[in-house]
1. How compact is segment 1-126 by the rule of thumb for globular proteins, expressed as Cα Rg over 2.2 N^0.38 Å?
2. Not counting ligands, DNA or RNA, and with a 1.4 Å probe, what is TYR21's accessible surface area in Å² rounded to the nearest 10?
3. With N denoting the number of residues in segment 123-218, provide Rg(C-alpha) divided by 2.2 N^0.38 Å, to two decimal places.
4. Which three numbers, in whole Å and largest first, are the semi-axes of the equivalent ellipsoid of segment 83-174 derived from its Cα gyration tensor as √(5λ)?
5. With every protein chain left in place, what is the accessible area of MET42 in Å² (1.4 Å probe, nearest 10)?
6. Could you give me the ³J(HN,Hα) list for segment 127-142, computed from phi with Karplus coefficients 6.51, -1.76, 1.60 and θ = phi - 60°, whole Hz, x at Gly and Pro?
7. Over segment 6-161, what is the mean sequence separation of C-alpha contacts under 8 Å (at least six apart), divided by residue count, expressed as relative contact order in percent?
8. Does segment 1-71 come out rounded, prolate or oblate, given a ≥ b ≥ c as the square roots of the eigenvalues of its C-alpha gyration tensor, rounded meaning a/c under 1.5 and, failing that, prolate meaning a/b above b/c?
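The values are calculated or read from the model by the stated rules, or taken from the named source; none is laboratory data. The structure displayed is predicted, hence computed values, not measured ones. Using ideal geometry, Cβ is built from the backbone for each residue, glycine included, and neighbour counts are taken over all protein chains shown. Areas reflect the complete protein model, heavy atoms only, side chains present, ligands, DNA and RNA absent. Shrake-Rupley method; radii C 1.70, N 1.55, O 1.52, S 1.80 Å.
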Amino acid sequence: LPGYTMAARTLPARAVGGDFYDATLVEGRLAFVLGDVSGKGMAAGLIASSVQARWQAAMGQRDLTAVEMMTALNRDILASTEGSRYATLVHALLEPASGAIRYVNAGHPAPLVIGPAGAPIGLDVTSPAVGLLDAPAFADAACVLAPGDTLVVVSDGVTEARDAAGIDWDLAHIPTLVARHAGDCEALAAAIVAAVCEHRGHDQTQDDVTVFVLRRSA
């Protein structure tokens, strides 16, 4: 995608993880998603695979809105789990020329947009997690990725990573890492995962860790 770079990293807590991410071009726009199914291991991984497949199918339907897609995902998860599992996720659609992003944040940790000055802007929750309620009210919101901005989306394996003293990893580290790895999304994604692992110390099985990074060239 001219003018943009992206990268992702995932580190499952067990052999199979419940986090997932994806990205695809849809009529010249970039659609991407990062999600986290409740629980860990094979059961969560099966649901994650199902949700990702449904998302991929939805991206092939040009007339399907984000709200309609989320409603369909919610219905599918409820039907297959009877409310025993749910998924938080961020689904977004980027217009490359303008940097405009429309997104749905379904109960997920707020993605961060970090500009050259380093002050992060959070893309807060707009909707409930999918698979929790029979008829939830989904809604989307908008932001702009300006030249030089970096979007960082993480799973709660990052936001809730705890050290031996029970202290969570500080998201304030992310702008520092963005500045340190300016323009290199691969290095940035790897650095966030490495910092989380260092913070957790010997306990690397707390939760799945997933990072998705998208940067617009200055």
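1. Compared with the compact-globule rule of thumb, segment 1-126 sits at 1.09.
2. The accessible area comes out at roughly 90 Å².
3. Segment 123-218 yields a ratio of 1.25.
4. Result for segment 83-174: semi-axes of 24, 22, 8 Å.
5. 120
6. Each residue of segment 127-142 in turn: 8, x, 4, 8, x, 9, 10, 5, 9, x, 9, 8, 8, 10, 8, 9 Hz.
7. So the answer I get is 21 percent.
8. Here segment 1-71 falls in the oblate category.
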